[in-house]
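Quick notes on the structure that follows.
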Amino acid sequence: MTHLIDSEDLPTNLSHNEHFQSVVQRAVSRRGFLLKTGVGAAAVAFLSAGLTGCGGGDDAPASGGSSDAELLGFTGIAISTDDAVSVAPGYTATVFAPWGTPLFSSGAGSTWAGDASEDAAAQARQMGDNHDGIHYFAISGSSEEGLLVMNHEYTNTQYLFNADGGAVNSLDDANKDLNAHGVSVVHIKRTAGVWAIVTDSSYNRRITGNTLMQLTGPAAGDALLQTTADPTGTAVFGTLNNCGNGWTPWGTYLTCEENFNQYFGTTNTASPGALRNTNQTRYGLDNNGTSRKYEEYFDRFDWQKEPNEANRFGWIVEIDPFDPTSTPKKRTALGRIKHENAAYAIAADGRVVIYMGDDQANDYIYKFVSTGTYVEGNLVNNRNLLDSGTLYVAKFAAGTASGDMMGTGEWLPMTTSNPALSAYASQAEILVNTRLAADMLGATPMDRPEWVSVHPQTQEVYVTLTNNSGRALANVDDANPRAANRYGQIVRWREAGGNPTALTFEWDLFVLAGNPTVYSATDADPQTALKAGSSNVTVDNTFNSPDGLGFDATGRLWIQTDGSYSNTGDYAGQGNNQMLCADPTTKEIRRFFVGPKECEVTGLTFTPDSKTLFINIQHPGEGGNSHWPQGGTALPRSATVIITKDDGGVIGS
């Protein structure tokens, strides 16, 4: 949230690795791109060029135009600042399963009190807070019945404890807060066109900050993961700050632990020894107490008392939604970072590739390549594919001028066999210290890597870089093309030979978000011109801070935002956070949906027939100015929104 202090905007990367924006700046300088409309347009021009073989034209149609292939079949909508959702004409948006919705008809949590007076036991049986990543798992291939699995990233304590002073003030409060985190597995069914939760279904399940998890893979059992309560280093309670998500073709859900650092503090702040080690500093653990005060109630959240507990967070967790008795597994082979989401690709030889971003200013992009191969329908073969493989981190370069290609890159292996990582004694040590190891390899710092998505036909990979507003003008020369990157961008790349396991790739920028209602691309000052965005950003589709990202089955690219909703100054004319849709070939972008006040629009998933879209609205009213979705004086509640086309057709067509 760019209007608030956000720890993700504060870099902990103190390495001197060359920043991605410096790579971009060199590419522009060396290739001598022709000016379109004056000096200020030089850097904008190259952002309209397409990746080799991607079909990108120099000038994308304006928002209201039509795509050659009519991939975008809806009419774009205007911004909104209302405390309500709006969606493209011909579509209906329906609120579903808000925070506090009961999953069971009796016992604790079987009713929603309305004032958030529920205790910890009740919250453990209700929908969690701040809905985020989401996926629909069809039951027997059905588009009418399935399991809706979603993350609950964090809590808005001012509302969660509305009846108790708006903060954690007791052990039960701390447990309630933990239980409002995590994941919900919800059995849903559509009857007579209306979706509903199948209350009391054996599938219904809450996985929280108190749920037992298993640590698996190369780091499991290592001394760095051992604690007083778990000397085996293989069992940990809870998953926290579950942001984006992923899923696997063998039917499991991947939930991604992001800003886990904010839950770890210390009560011993007066001690001269209260100094964080290098790992704790690089991952951003607080040198004092935390606002949630977990460290006051649980020794495991006090990093002085249990220095290894934080090492047990920051992983991707694999969950079997169809087995409510299964133990979620933290897959350590995928590295320990502030995971945003996880996007898979299957190579021609069957190996599984998982792409991941580390969501903090100046951190990195990663991919994991499995040792084993995926066999369709063979659950025994597939269930542990994410425990063995090679983790890589990306290094971007300007490359050489070749067609419309913007640059090249390589994947650096994060293994003990890499001489650059000889300081690490084991693979476990590399994985627990993923960020520090990537620093040593010279990986490319990025502007807060968010969601990654793989095109379903071409296997090109797209990633949102949401913003880096802290970059000073003095650092622009040879460092980045735009000072104070308030708007963000989307980068895409193609692996060499179209092979997801390749060690090299070529990349370009798909869109540079900006605000042409405030700035002009023809401004004589190059920095001012860049703030207008690339040529596929217009006054009709302007947006900032792209975050959520995903393709539908046809290849439409859906873009969700989590940025400033002030609608003033640099953000004038951009309104509330929103969801847009892009044609990857023409680069046309249209606004499809706008959320209520002070929210983030996040998470997306479709039914198999592509006729129902589920998205999430997170933290409405985080600044105190929303009562969505109920209105009146009701507490604002994060919720899912179900979008259908009025004629029963495919979403986006």
Going through region 314-351 in order, the residues found to be touching a Leu at 6+ places or on another chain (Cβ under 9 Å) and either modelled with pLDDT under 95 or more than 19 Å from Leu391 (Cβ to Cβ) (or both) are Ile319, Pro321, Phe322, Thr327, Pro328
Considering region 173-196, residues that are out of contact with any Phe, Trp or Tyr (no Cβ under 9 Å at 6 or more places or on another chain) and open to solvent by 30 Å² or more (accessible area, probe 1.4 Å), and then whichever is farthest from Phe301 (Cα to Cα), we arrive at Ala192
Scan region 197-210 and tell me whether some residue there is modelled with pLDDT of 95 or more, among the small types (Gly, Ala, Ser) and open to solvent by 10 Å² or more (accessible area, probe 1.4 Å). yes
Of all residues in region 329-343, how many are charged (D, E, K, R), surrounded by 24 or more Cβ atoms within 10 Å (Cβ to Cβ) and either touching a strand residue (DSSP E or B) at 6+ places or on another chain (Cβ under 6 Å) or assigned to a strand (DSSP E or B) (or both)? 4
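Which of the residues spanning region 518-540 are of a type in the set (S, T, N, Q) and more than 15 Å from Ile490 (Cα to Cα)?
Step one: of region 518-540, the residues of a type in the set (S, T, N, Q) are 520, 522, 527-528, 534-536, 538.
Across region 518-540, the qualifying residues are Ser520, Thr522, Gln527, Thr528, Thr538.
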Hey, any hits in region 584-597 for a residue that's within 27 Å of Tyr253 (Cα to Cα) and surrounded by fewer than 23 Cβ atoms within 10 Å (Cβ to Cβ)? no
Those residues of region 101-135 which are part of a strand (DSSP E or B), closer than 21 Å to Gly595 by Cα and touching a Phe, Trp or Tyr at 6+ places or on another chain (Cβ under 7 Å) amount to Ile134, His135
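Just the residues that are hydrophobic (A, V, I, L, M, F, W, C) and either closer than 17 Å to Asp82 by Cβ or at pLDDT below 95 (or both), please, taken from region 617-638.
Passing the criteria: Ile617, Trp628, Ala634.
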Just checking, does region 256-274 include any residue being out of contact with any Ser or Thr (no Cβ under 7 Å at 6 or more places or on another chain), free of Cβ contacts under 8 Å to residues at least 12 places away in the same chain, surrounded by fewer than 19 Cβ atoms within 10 Å (Cβ to Cβ) and of a type in the set (Gly, Ala, Ser)? yes
Flagged in region 78-90 as within 15 Å of Lys645 (Cα to Cα) and either buried (at least 19 other Cβ atoms within 10 Å of the Cβ) or under 24 Å from the mean Cα position of the chain (by Cα) (or both), in numbering order, are Ser86, Val87, Ala88
So the check is Cβ under 8 Å with 6+ separation or different chains; which pairs have a first residue in region 625-649 that's under 26 Å from Thr607 (Cα atoms) and a second one that's basic (Lys, Arg) and open to solvent by 20 Å² or more (accessible area, probe 1.4 Å)? Trp628/Lys597; Thr644/Lys611; Lys645/Lys611; Gly648/Lys611; Gly649/Lys611
Please work out which residue is surrounded by the fewest Cβ atoms within 10 Å (Cβ to Cβ), limiting yourself to region 140-159 and to residues that are within 22 Å of Phe104 (Cβ to Cβ) and touching a residue at least 40 places away in the same chain (Cβ under 8 Å). Glu145
Qualifying positions in region 221-243 - open to solvent by less than 10 Å² (accessible area, probe 1.4 Å) and either over 23 Å from Asn384 (Cβ atoms) or of a type in the set (Val, Ile, Thr) (or both): Val236, Thr239, Leu240, Asn241, Cys243
Count, please, the residues in region 537-589 that happen to be among the hydroxyl-bearing types (Ser, Thr, Tyr) and either within 16 Å of Val601 (Cα to Cα) or touching a Gly at 6+ places or on another chain (Cβ under 7 Å) (or both). 8
Filter result (touching a strand residue (DSSP E or B) at 6+ places or on another chain (Cβ under 8 Å), over 14 Å from Phe298 (Cβ atoms) and of a type in the set (A, V, I, L, M, F, W, C)) within region 221-239: Leu225, Ala235
Looking at (1) surrounded by 22 or more Cβ atoms within 10 Å (Cβ to Cβ); (2) not hydrophobic (A, V, I, L, M, F, W, C); (3) not in a helix (DSSP H, G or I), which is the one condition that is false for Arg435? (3)
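The values are calculated or read from the model by the stated rules, or taken from the named source; none is laboratory data. Here the structure is a predicted model, which is why all the values come from computation and not from measurement. Counting neighbours? That spans all protein chains shown, and the Cβs are built from the backbone with ideal geometry, glycine included. When the accessible area is computed, the model is the full protein with side chains, heavy atoms only, and any ligands, DNA or RNA have been set aside. Shrake-Rupley method; radii C 1.70, N 1.55, O 1.52, S 1.80 Å.
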